[in-house]
Each structure stands twice: as C-alpha cells, then as structure tokens.
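Shown next, in structure tokens, is the structure this report addresses.
The values are calculated or read from the model by the stated rules, or taken from the named source; none is laboratory data. If you're wondering where the values come from, they're calculated on a predicted model, not measured in any experiment. Here the Cβ positions follow ideal geometry from the backbone for every residue, glycine too, while neighbour counts run over all protein chains shown. Just so you know, the surface numbers come from the protein's heavy atoms only, side chains and all, with ligands and any DNA or RNA stripped out. Shrake-Rupley method; radii C 1.70, N 1.55, O 1.52, S 1.80 Å.
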Amino acid sequence: MTHQPDPAVAGLTPGVHQGRQACTALLRQVLTALAPSVGATVPDAHSPMPSLASAREVWLIDRQFNDWPLDDPLVLSGLGAWLRQGGRRLQILGVDFDDTARGLPRFARWRRDWMHAIDVFRPVDGELPATLLGVLVAPVLLQRLDARDWRVRVLTDPVHARTAQTEVADFLQRCEPSWPATTLGL
C-alpha cells in the first residue's frame, strides 16, 4: 500500500512566513488538519509522513493566545474531532490565561467541555523561552519567531519535531498546572 502524505503537511511550505493573514492561515491549516478525514486509511509504521490526525499530542505554546484563530468554529471542530478519537492530549503552555479567556470566549467554553483531554501549564517564573513558542504536532512545528511582526517558521521534518519535544519536556519541569476549568470560591 502506498501512503499519501497528509495534504496539510504537503501543503505547508517550509521556511519563514510573514504577515498576520499568512501566519493565521498556517495555524488554522494545521489545527483543522487534525480532524480525521472520512475514509482515511490508518498509516502504517513505515509511512514517511503520518497524517496529523494520527498525532497523539498537540502542543500550543505562547504567552497568550488572543491572536490565535482558536475561536474559529472550524478550528474548534477540527480539535474536537481529533480529541474524539480517544488517547489524544491537547497540551497548552502559556502565561496569561485570564487574557485568553476574555479574548477567546468560544475557545474558553469549548475547553471546559474537553478538560478531560486537555492539560494547561504555566511557567513558575512566568517566562517562556522564545524558541518554544508555536504549535507542535509532530512532525510539524510552527515556530513563532516574532508575534508582533507576525513571523512563523514552518518545519516539517521529524528531527526538528523530536528536538522541540525534548525541549518542551525539559521546560515542563519548571511549570505548574494552570487555568482551571472552574473557579472555586466562597
């Protein structure tokens, strides 16, 4: 059986992309590509480029997510379809979740429904290394180089993805759970 590369990965041009529209489109493309395709075949272990829908873990990392397309219904639908497959974890690492909750109310409501499959962390010291910012869905890494100027580097090879996974795992040692689904109070 020949394996067809994931159209989302095949359609990504490695390199640096700039501009709000281009970067938002890249984020949207990768996050919506998580939804399994109807009639898609399960990739075998020898496939050079597995489908993004087969990823078990997705990392979203940024200081705050207000300028991400996370309120987009298609993105939420794609993430939900991906999580419904079971055994999937959406990992979110950020600093300012109060701002995110206010700026992305649809995403904040959606997240509460999926909290059983979502982990949210924040660095204890409040600092995120710039090299970690972006989206990691192995083998795709969208690295945010400059949020203000909207520059994103697209990497689609497993070597960069494994390196990023190692860096994130190391950094998590300095993080704590954050953004509870409900706020307890008197």
Original post:
Is there a residue in the stretch 155-168 that is out of contact with any Cys (no Cβ under 6 Å at 6 or more places or on another chain) and assigned to a loop (DSSP other than H, G, I, E, B)?
Top reply: yes
**OP:** Test Val58 against the criterion of being at pLDDT 95 or above, under 12 Å from the mean Cα position of the chain (by Cα) and either polar (S, T, N, Q) or part of a helix (DSSP H, G or I) (or both), and give yes or no.
**Re:** no
**OP:** Please go through the stretch 55-111 and pick out each residue that is farther than 24 Å from Ala22 by Cα, among the basic types (Lys, Arg) and either in contact with a Cys (Cβ under 7 Å, 6 or more places away or on another chain) or surrounded by fewer than 21 Cβ atoms within 10 Å (Cβ to Cβ) (or both).
**Re:** Arg56, Arg84, Arg88, Arg89, Arg102, Arg109
Original post:
Can you tell me which residues in the stretch 133-142 are touching a Ser or Thr at 6+ places or on another chain (Cβ under 9 Å) and either assigned to a strand (DSSP E or B) or closer than 16 Å to Gln18 by Cβ (or both)?
Top reply: Val140, Leu141
Original post:
Among the residues of the stretch 112-140, which ones are within 21 Å of Asp71 (Cα to Cα), hydrophobic (A, V, I, L, M, F, W, C) and open to solvent by less than 20 Å² (accessible area, probe 1.4 Å)?
Top reply: Ala117, Ile118, Val120, Leu133, Val135, Leu136, Val137
Original post:
Taking the stretch 1-35 as the search range and keeping residues that are farther than 18 Å from Val152 by Cβ and surrounded by 17 or more Cβ atoms within 10 Å (Cβ to Cβ), which one is modelled with the lowest pLDDT?
Top reply: Asp6
Original post:
What are the residues in the stretch 152-184 that are modelled with pLDDT under 95, open to solvent by 80 Å² or more (accessible area, probe 1.4 Å) and within 25 Å of Arg20 (Cβ to Cβ), if any?
Top reply: His160
Original post:
Out of (1) hydrophobic (A, V, I, L, M, F, W, C); (2) over 15 Å from Gln18 (Cα atoms); (3) part of a strand (DSSP E or B), what's the single condition that is false for Leu145?
Top reply: (2)
Subject >> Every pair of residues 6+ apart whose Cβ atoms lie under 8 Å, when the first sits in the stretch 105-132 and is assigned to a helix (DSSP H, G or I) while the second is open to solvent by 70 Å² or more (accessible area, probe 1.4 Å) and acidic (Asp, Glu) >> reply: Thr131/Glu167; Leu132/Glu167
